[in-house]
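Some notes on the structure that comes next.
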Amino acid sequence: MKIALIVPGGVDRSGRERVIPALLCLIERLAARHRLLVIALEQEATPASYELLGAQVINLGRSPARLPGFGFGQRLRQSLAALAAHGGADVIHAFWLGATSTLALGVGRWRNIPVVASIGGGELTWLPDIGYGGAGSWRHRQQVRLALRFAQAITGGSRFVLAPVLPIRPDARLVPLGVDVRRVAGDLPAVARPPGPPWRLLHAASINRVKDQATLLQALRLLADQAAEVHLDWFGGDTLGGELQRQVSALGLERHVTLHGVQPSDVLAPYFRQAHLYVQSSRHESQGVAVCEAAAAGAPTVGTAVGLVAELAPQAAWAAPVGDAAGLAAGILTLLADPAERDRRGRAAQAWAQAFDADWTAAAFEAIYQEVIG
């Protein structure tokens, strides 16, 4: 097949920085079997073309247009030219709903090519107190409405994110973005962690409002009061100007937290293997790829009941209500105090990650592509 993916970014030419690892896993597998073109809206500021994992990447660059509609017209022309130079496409796949899906629908309508659109974030959500979610914008709501109406197939990475979609598109599919289990877990099918204490917790997410790490730090303070040997390794860029770092100090957690900043996925992999638990405090997740990576390494997640955690719990995760620091702390303490239960949930999480790994995801999307082409 000739496949075109349209993505907002996450496909840096380095293959290590400013990337979405699960998306790269999919690109690598599709490119090995098909002719693959990846159109990135704003991976780099200026237009560029480069090879990545066997795929041709066309970066459209930042649009100079200031008036609504003119930027879309420019990107439509750029995409049509890239598609023509690539020899066309049998199917177009947009990640996520919004500017990417609208562009995919425009190209698909112009060239009579079927479109698949995947939900990847808060496209159907609005949290007004933190200004998060696409549903707070009239323009974005229209883009989502177009995608749900005209895309030949809609997918989401969790039942949680598909819940508001199914009444509109009952044919929407559950297709998690799987990870490369071997790359995360190493060569061994099960990872032997050093016994605690010290207890190693891991969190990998940008510092922002929707991830609600303020609640996570409150939970950590409760933990430190009861289990002094707990330590959190935290990976992710800061979008809040040091606010959470100041909270670490205010709560007296300096010796319990290590902030690693943004690191490539190969740097994170050993931490997934060593962590006794992965922790998540998000107010919203469409899936939670880091939860998949932790599961691949055999580490269960204690997190809020959003995204994958909502459906992996209680067999393979522990779910607490959103914003419940005491609930998170209780879940962490319970599993740290019960190695047998922690290992049982870790094995169940790893079995899930192996069943829905990157190979499964690529095969699931290939089947959808064949279906909409047919």
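Where in segment 66-160 are there helices (runs of 4 or more DSSP H), lying fully within it, with 3 or more residues that are crowded, with 23+ Cβ neighbours inside 10 Å?
Qualifying helices (runs of 4 or more DSSP H): 99-111.
Failed condition for Ile168, given (1) of a type in the set (Val, Ile, Thr); (2) in contact with an Asp or Glu (Cβ under 9 Å, 6 or more places away or on another chain); (3) more than 17 Å from Leu277 (Cα to Cα), with all others met?
Exception for Ile168: condition (2).
Might you let me know whether segment 232-253 holds any residue that is buried (at least 21 other Cβ atoms within 10 Å of the Cβ) and on the phi > 0 side of the Ramachandran plot?
no
Can you name every residue in segment 91-135 that is of a type in the set (Lys, Arg) and touching an Asp or Glu at 6+ places or on another chain (Cβ under 8 Å)?
Within segment 91-135, none qualify.
Of everything in segment 306-315 that's out of contact with any Gly (no Cβ under 6 Å at 6 or more places or on another chain) and without any contact (Cβ under 8 Å) to a residue 40 or more places away in the chain, which residue is surrounded by the fewest Cβ atoms within 10 Å (Cβ to Cβ)?
Filtering segment 306-315 for residues that are out of contact with any Gly (no Cβ under 6 Å at 6 or more places or on another chain) and without any contact (Cβ under 8 Å) to a residue 40 or more places away in the chain, the one surrounded by the fewest Cβ atoms within 10 Å (Cβ to Cβ) comes out as Pro314.
Select, from Arg273, Arg173, the only residue that is of a type in the set (Lys, Arg) and not assigned by TED's automatic domain parsing to the domain that holds Ser118.
Arg273
Each row is one residue, and each column tells you yes or no for (1) in the same structural domain as Gly134 (by TED's automatic domain parsing); (2) within 23 Å of the chain's Cα centre (by Cα); (3) farther than 29 Å from Val262 by Cα; (4) not aromatic (Phe, Trp, Tyr).
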residue	(1), (2), (3), (4)
Ala294	no, yes, no, yes
Thr304	no, yes, no, yes
Gly307	no, yes, no, yes
Leu312	no, yes, no, yes
Asp338	no, no, yes, yes
Arg342	no, no, no, yes
Ala362	yes, yes, no, yes
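Among the residues of segment 103-126, write down those that are over 21 Å from Glu371 (Cα atoms) and either in contact with a helix residue (DSSP H, G or I) (Cβ under 7 Å, 6 or more places away or on another chain) or at pLDDT 95 or above (or both).
Restricting attention to segment 103-126, the residues satisfying the condition of being over 21 Å from Glu371 (Cα atoms) are 103, 120-126.
Result: Leu103, Gly122, Glu123, Leu124, Thr125, Trp126.
Restricting the search to segment 231-246, which residues are over 23 Å from Leu336 (Cβ atoms) and aliphatic (A, V, I, L, M)?
Leu240, Leu244
Name the residues in segment 345-363 that are small (Gly, Ala, Ser) and buried (at least 17 other Cβ atoms within 10 Å of the Cβ), would you? Quick ask: steps written out before the conclusion?
Taking segment 345-363 and keeping what is small (Gly, Ala, Ser), we get 346, 348-349, 351, 353, 355, 358, 362-363.
Of everything in segment 345-363, those that are small (Gly, Ala, Ser) and buried (at least 17 other Cβ atoms within 10 Å of the Cβ) turn out to be Gly346, Ala348, Ala349, Ala353, Ala358, Ala362.
Run Ala32 past the list (1) under 24 Å from Ala269 (Cβ atoms); (2) within 21 Å of the chain's Cα centre (by Cα); (3) outside any loop (DSSP other than H, G, I, E, B) and report the number of the one that doesn't hold.
Condition not satisfied by Ala32: (2).
Looking only at strands (runs of 3 or more DSSP E) that fall completely inside segment 220-318, which ones have 3 or more residues that are in contact with a Leu (Cβ under 7 Å, 6 or more places away or on another chain)?
On the way: elements: 230-235, 257-261, 277-280, 301-304.
Because the criterion is at least 3 residues that are in contact with a Leu (Cβ under 7 Å, 6 or more places away or on another chain), the strands (runs of 3 or more DSSP E) in segment 220-318 that meet it are 230-235, 277-280.
Determine if segment 193-215 includes at least one residue that is β-branched (Val, Ile, Thr), buried (at least 18 other Cβ atoms within 10 Å of the Cβ) and modelled with pLDDT under 95.
Scanning segment 193-215, I find no residue that is β-branched (Val, Ile, Thr), buried (at least 18 other Cβ atoms within 10 Å of the Cβ) and modelled with pLDDT under 95, so the answer is no.
The values are calculated or read from the model by the stated rules, or taken from the named source; none is laboratory data. Remember, predicted model here, so these are calculated numbers, not experimental data. Cβ sites come from the backbone with ideal geometry, for glycine too, and all protein chains shown count toward neighbours.
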